[in-house]
Amino acid sequence: MQTADPDSLGFVPERLDHIPAFLREKYLDSGKLKGFQLLIGRGDKVAHFSTHGLAYDEGDAPIRDDQLFRIASMSKPITAIAFMQLVERGLVALDDPVHRFLPEFKGLGIYESGGGELPFTTKPADEPMRIVDLLRHTSGLTYAFQNRSNVDLAYRTKKLERWHGELDLDGFVGELGKLPLEFSPGTAWNYSVSTDVLGAVIQRVSSQTLDAYLRDHIFAPLGMDDTFFTVPDNKLDRLGDCWAWHPRETICTDRAETSIWRKKPKLLSGGGGLVSTTADYHRFCRMLLGKGTLGGARIVSRKTIELMTTNHLPGGKSLHEMSVSLFSEAQLAGTGFGLGFAVTQDVARSMMPGSSGEFYWGGMYSTTFFVDPAEELTMVFMTQLQPSNIYPIRRELKTLIYSALA
């Protein structure tokens, strides 16, 4: 990948060079990570791109510059952008009730008691779940891995989130429609399958499968030729292994040669199912920084990007005030939530350098990105270790990157 002179882009070269050196010493030399890839951009140019470490659990094959990474929840902003294209076409509105498009959600109740061996009892919702609730994670839905309620227990028992299980997106929505919500939509924030449900709305409104819609309306126009739900046979040699943290030794959980990403999933997860490259995701970030445009491709309008990167939590509250989630990909203090992104509201409360209006997200395998319109700054970091909250890499990256600005 071609990089520009960092000094000409407003970086202190020595400080920029310190970032990968710091990560290598702290995470690779210690064995905490097998490898990583880092891209730092300013405007449309790349100030830094580097690749470090190994691609596989066995052997000494290095990570390639065009390595494919499982980006998990970094799929969510892509699905959110795809959905907003439908809003721009007048086919759906943010305040539409979700049951207008998914009648399986009509009359969903709020959990009161029961679960496990007992039937659920529910009470009526204060308000129906609206489309905006899916985009900002205030829907009342949850994730099976939250492990904090009888509702997420039901998700685990029914194996709702298995991509290679018995359910496609329609079946997934149908099963969710049989379970209660954890809270009345709009009253709390909880990291959840909301973006997967949004993918089902995209399918029904567009009359295309989610993978076809993303290919035709996002990936092809942006030249994101290496982003997909299923790794093609001719690109399998670019997919590495991924690992899970363990206090004694990291465990390889998905080997490239037998990866589940080799086979098309029955359940297309707009919330976590994509594979991509650093270069592809940087193109996506450049489109966001470019207010919906990259090169000659207009993906969404300037005003749509402005709308998506504004805090949409009720009453202008922060995630710290509204979150009931045991896990998310966001720093809660000083952070709001837009339509698919966490948004920095108060830099001082975040206790990290940055800019008001910066937006970002990450994935379960410790991947992350951010876009700072005020500084025209983008960052994409790729690695393959779950969960993403074991090490403070994201805080360290932000601190080091902003410290490298001249």
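No lab work stands behind these numbers, since they all come straight from the coordinates. Keep in mind that what you see is a predicted model, and the values were worked out from it rather than measured. No Cβ is skipped: glycine too gets one built from the backbone with ideal geometry, and neighbour counts run over all protein chains shown.
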> Ranked highest first by the average count of other Cβ atoms within 10 Å around their residues, in what order do 31-41, 46-56, 316-326, 195-205 fall?
Replying inline: 195-205, 31-41, 46-56, 316-326
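Give me D for segment 44-87 in µm² s⁻¹, whole number, from Stokes-Einstein with Rh from the Kirkwood sum over alpha-carbon pairs, 20 °C and 1.002 mPa s.
157 µm²/s
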>> Semi-axes of the equivalent ellipsoid for segment 23-179, please: Cα gyration tensor eigenvalues, times 5, square-rooted, ordered largest first, whole Å.
In response: 39, 23, 14
> With no solvent and one point per C-alpha, what does the Debye sum give as log10 I(q)/I(0) for the chain at q = 0.08, 0.09 Å⁻¹?
Replying inline: -0.40, -0.51
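Once you wrap a convex hull around the alpha carbon atoms of segment 87-180, what is its projected area averaged over all directions, in nm²?
Taking the Cα atoms of segment 87-180, their convex hull projects to 6.8 nm² on average.
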>> Report the gain in length on full extension from LYS303 to VAL12: 0.36 nm times residue separation, minus Cα-Cα distance, nm rounded to one decimal.
In response: 101.4 nm
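Grab the Cα-Cα distance for GLU396 and ASP5, subtract it from 0.36 nm times how many residues apart they are, and report the gain in nm with one decimal. Don't skip to the end; give the middle numbers.
Values: separation 391, 0.36 × 391 = 140.76 nm, distance 2.33 nm.
Using 0.36 nm per residue and subtracting the Cα-Cα distance, I get 138.4 nm.
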>> Modelling each spin label as a point 7 Å along the Cα-to-Cβ direction, I'd like the LYS45/LYS178 distance in nm, to one decimal.
In response: 5.8 nm
> Which far-off residues, 5 or more places away or on another chain, put their amide H under 5 Å from the one on LEU294, with H placed in the peptide plane?
Replying inline: ILE299
>> If each residue of separation counts as 0.36 nm, what is the full-extension length gain between ASP66 and ARG162 once their alpha-carbon separation is subtracted?
In response: 31.7 nm
> Label points 7 Å out from Cα along the Cβ direction at ASN234 and HIS99: separation in nm?
Replying inline: 4.9 nm
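Taking every pair of alpha-carbon atoms in segment 268-387, give the share separated by more than 21 Å as a whole percent. It would help to have the intermediate numbers written out before the result.
On the way: 2862 of 7140 pairs.
In whole percent, the share of Cα-Cα pairs in segment 268-387 beyond 21 Å is 40.
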>> If you average the C-alpha positions of segment 126-178 and of segment 281-325 separately, how far apart do those two centres end up, in angstrom?
In response: 24 Å
> Restricting attention to the alpha-carbon atoms of segment 200-346, what are Rg (one decimal) and Dmax (integer), both in Å?
Replying inline: 17.9, 50
